[in-house]
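For reference, the structure discussed in these notes is given below.
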Amino acid sequence: QAVLVLAFLLAGCSKPPAEEYMKKAEEAEKGGLWTVALEQYQSLVKEHPASLLTETALFNIAAIQHNNLQNFQAAIDGYKLFVERYPDGKKAPTAVFLIGFLYNNELKNLDSAKVFYQQFLSKYPDNEMATSAQFELQNLGKSPDEILPKPPVAESRPSQSSKKSGQPKKN
């Protein structure tokens, strides 16, 4: 009988599988419950650090901080942790680029942005985002008005009919 009680107590203390955390996090995201999703992803990472799902959870934590909660420093910290733990992961280039992007466009920390854009270009020169990283690097600190080409200024010319009659054109 004591063995059954011990088994019951141990079962009650066991942690849910990584898949359960992932499922709850994804359901919360679908419902726009960002903090619930974060909590589930964070629990997955903490309770199952060796799970194959941990890589996805870590990236999603940073993405929610970035896109949904607009907590840019937390997003940067999350992307940095992701790159540290999964430097060869499929989403590592995206994470490095986004760190530079957030430093540049949201936190206006141009020195850090430059470091991460340069890191991106050195590590992933053939990545599809390399052109964007180069563009961002070349335009650090510039306003959109400084970057975008100015539209040509149209010259005002009198219409043909007003030239002939000497009278203003009537509409």
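Hey, for a label at Glu146 modelled as a point 7 Å past Cα toward Cβ, could you say which residues of region 87-130 have their backbone N under 18 Å away? Backbone N within reach: 101-115, 117. When a 1.4 Å probe is rolled over the protein heavy atoms, the share of accessible surface on region 9-58 that falls to carbon and sulfur comes to 58 percent. If you sort Thr131, Thr94, Thr35 by accessible surface, 1.4 Å probe, largest first, the order is Thr131, Thr35, Thr94. For region 106-115, putting each phi into the Karplus relation 6.51 cos²θ - 1.76 cosθ + 1.60 with θ = phi - 60° gives couplings of 10, 9, 6, 9, 5, 5, 5, 4, 4, 4 Hz, in residue order, rounded to whole numbers and with x for Gly and Pro. Sorted from greatest to least, the principal axis extents spanned by the alpha carbons of region 21-155 come out as 64, 33, 23 Å.
Note on surface exposure: Asp126, Asp77 rank Asp126, Asp77 by accessible area, highest first, 1.4 Å probe. A Cβ-based charge dipole, computed about the Cα centre of region 10-58 with Lys and Arg at +1 and Asp and Glu at -1, lands at about 100 debye.
Rg to Rh ratio, region 47-96, alpha-carbon atoms and Kirkwood radius? Write out the running numbers ahead of the final one.
Working: Rg = 10.3 Å, Rh = 10.7 Å.
The Rg/Rh ratio comes out at 0.96.
Can you sort Met22, Met129 by 1.4 Å-probe accessible area, starting with the largest?
Met129, Met22
Coupling constants for region 20-26 follow from the phi torsions by the Karplus curve (6.51 cos²θ - 1.76 cosθ + 1.60, θ = phi - 60°), and in residue order they are 5, 4, 4, 4, 5, 5, 5 Hz; glycine and proline get x.
Residue separation of Lys90 and Asn68 scaled by 0.36 nm, minus their Cα-Cα distance, works out to 5.7 nm of gained length.
The values are calculated or read from the model by the stated rules, or taken from the named source; none is laboratory data. All values reported here derive from a predicted model rather than from experimental measurement. FYI the Cβ positions are ideal-geometry reconstructions off the backbone, even for glycines, and counts take in every protein chain you see. What goes into the accessible areas is simple: the full protein's heavy atoms, side chains included, and nothing from ligands, DNA or RNA. Shrake-Rupley method; radii C 1.70, N 1.55, O 1.52, S 1.80 Å.
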